[in-house]
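Comments concern the structure below.
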Amino acid sequence: MVKPKDTYQSIFDHLNDLVLLCDADYNILLSNHAADVLFGKGEKVTWQKCFQILRGADHPCLDCPLADTLKSGILIPLVYYDERLGEYFEERNHPIVNPADSWKSSSSQVKTLPKAVNWKKNQP
């Protein structure tokens, strides 16, 4: 019999978008294959800090939507340019509720934006 966790991981691993499940302390609890390939060079990125993986930083990002997502319970999108990869990314943080209806963690869906989207250069 297939376990639900294995089913979810299989679905996540077939997505082209990067998927990370993070706790309130910025720990990556779960990652999909696309995230592992891009940021971990094929190795799992779990139990590392999301800011280390997503931004190469040694501290939480100033524009990080994780804390606000967990406080508000709403999806918060963020667009940024990654100098390391030369790519624009859109990150969407979705709150995950535990059975007691409190915010437990957040899933981050990250995708590259087409090169035609020149978000950074169009900012004031």
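Every number in this text was worked out from the coordinates using simple rules, so none of it is lab data. These numbers come from a predicted model, not from an experiment. Cβ atoms come from the backbone with ideal geometry, glycine included; neighbour counts cover every protein chain shown.
Things to note:
- Filter pass, D13 being among the acidic types (D, E) and touching a residue at least 40 places away in the same chain (Cβ under 8 Å): no
- Enumeration of residues in segment 39-75 that are in a helix (DSSP H, G or I) and either touching a residue at least 40 places away in the same chain (Cβ under 8 Å) or within 15 Å of P95 (Cα to Cα) (or both): C50, L54, L66, A67, D68, T69, L70, K71, S72
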